[in-house]
Amino acid sequence: MSKGTVVITGAANGIGQFYAKRLAADGFDIAVADVAEADATRAVVEAEGRKFFSAVVDVTSPDSTLRFAAAVEAALPPVVALVNNAGIYPWKSFEDTDFATWKKVLSVNVDGPFLMTKAFLPGMRARKYGRIVNVASTTFWLNAPQMTAYIASKGGVIGFTRALASEIGGDGVTANVIAPGLTNTATMRGVNQDIYEYLPKQQAIPRVIEPEDLVGVVSFLCSKDSGFVTGQTIATDGGQVRL
Ligand SMILES: NC(=O)c1ccc[n+]([C@@H]2O[C@H](COP(=O)([O-])OP(=O)(O)OC[C@H]3O[C@@H](n4cnc5c(N)ncnc54)[C@H](O)[C@@H]3O)[C@@H](O)[C@H]2O)c1
């Protein structure tokens, strides 16, 4: 028996693929929106015995996100949760951050959750049930140079979520944020390898965070059990920042 479908953006790779695996193990079918093909994620989800749907979707496109929502609602209804995980994090000084880079980061990281929420919230409201989980980053609370666009975007994600929660709680829909610390993914290691040497030592749990360390929080936020938690941000970083 399926518990319904969870939509995850950016789950063709990285942390999102681990969210897909855990949520499939929890009993949800999974739908993935990513600019990359999600064949590896399909294998992971089907190995858990759950159904899978994916499409190549750019979360910055209103047309693309609306078409995806219609396709998912037709193929795997009902959508019970949306995890806005797709994100980009170019490593650039403020001086080297041109306006095109700034707009691209804001577009993927903030417009993306906005557009995906626009696309999936009406169905959740109509059914009087839904869970929206947005992904920020603990860099928002840290002294982290070379990330102005990224940290601005993640502040936007937190602000968007807090404000959105106030408008949808009466319809049985919650909105929360997971803010991971530095996590072991191929993309992040490609951006800055050195940071893995010193940052984990500053955590209360002083080891590199693996994607598996994050999935339990997303599982909870997508579950019925989190029904009275909304507008919140959960730092999941081995205890480096304290909110
Ligand atoms: N890795 C870390 O250390 C870390 C720490 C804190 C927060 N995060 C956040 O976690 C999320 C995932 O990070 P990751 O390290 O797994 O990244 P990743 O690069 O491994 O995966 C990101 C996915 O998003 C997809 N994507 C990019 N642009 C897209 C677009 N316009 N439309 C649809 N899909 C798009 C990519 O194809 C990729 O599959 C991001 O929001 C990131 O900011 C990561």
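The values are calculated or read from the model by the stated rules, or taken from the named source; none is laboratory data. Computed from a predicted model, the values in this text were never measured in an experiment. So basically every Cβ, Gly included, is an ideal-geometry build from the backbone, and we count neighbours across all protein chains shown. Side chains included, ligands, DNA and RNA excluded: accessible areas come from the protein's heavy atoms. Shrake-Rupley method; radii C 1.70, N 1.55, O 1.52, S 1.80 Å.
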> Where residues in the range 98-148 are farther than 30 Å from Pro77 by Cα and in contact with a Gly (Cβ under 6 Å, 6 or more places away or on another chain), which of them is most open to solvent (accessible area, probe 1.4 Å)?
Replying inline: Phe140
>> Quick test of your reading of the structure: Phe18 fulfils all but one of (1) near the ligand (Cβ under 9 Å from one of its atoms); (2) touching a Gly at 6+ places or on another chain (Cβ under 8 Å). Name the failing condition by number.
In response: (2)
> Within the range 14-33, how many residues are over 12 Å from the mean Cα position of the chain (by Cα) and in contact (Cβ under 8 Å) with a residue 40 or more places away in the chain?
Replying inline: 7
>> So, in the range 183-207, how many residues would count as being free of Cβ contacts under 8 Å to residues at least 60 places away in the same chain and open to solvent by 40 Å² or more (accessible area, probe 1.4 Å)?
In response: 13
> When you look at Lys154, is it more than 15 Å from the chain's Cα centre (by Cα) and basic (Lys, Arg), yes or no?
Replying inline: no
> Where in the range 136-243 are there helices (runs of 4 or more DSSP H), lying wholly inside it, with at least 3 residues that are in contact with a helix residue (DSSP H, G or I) (Cβ under 9 Å, 6 or more places away or on another chain) and within 12 Å of the ligand (Cβ to nearest atom)?
Replying inline: 148-168, 186-191
> Looking at Ala81, Ala100, Ala86, Ala119, which one is of a type in the set (Gly, Ala, Ser) and away from the ligand (no atom under 15 Å from the Cβ)?
Replying inline: Ala81
> Which residue, of Ser166, Ser223, Ser219, is in contact (Cβ under 8 Å) with a residue 60 or more places away in the chain, in contact with an Asp or Glu (Cβ under 6 Å, 6 or more places away or on another chain) and closer than 30 Å to Ala126 by Cα?
Replying inline: Ser219
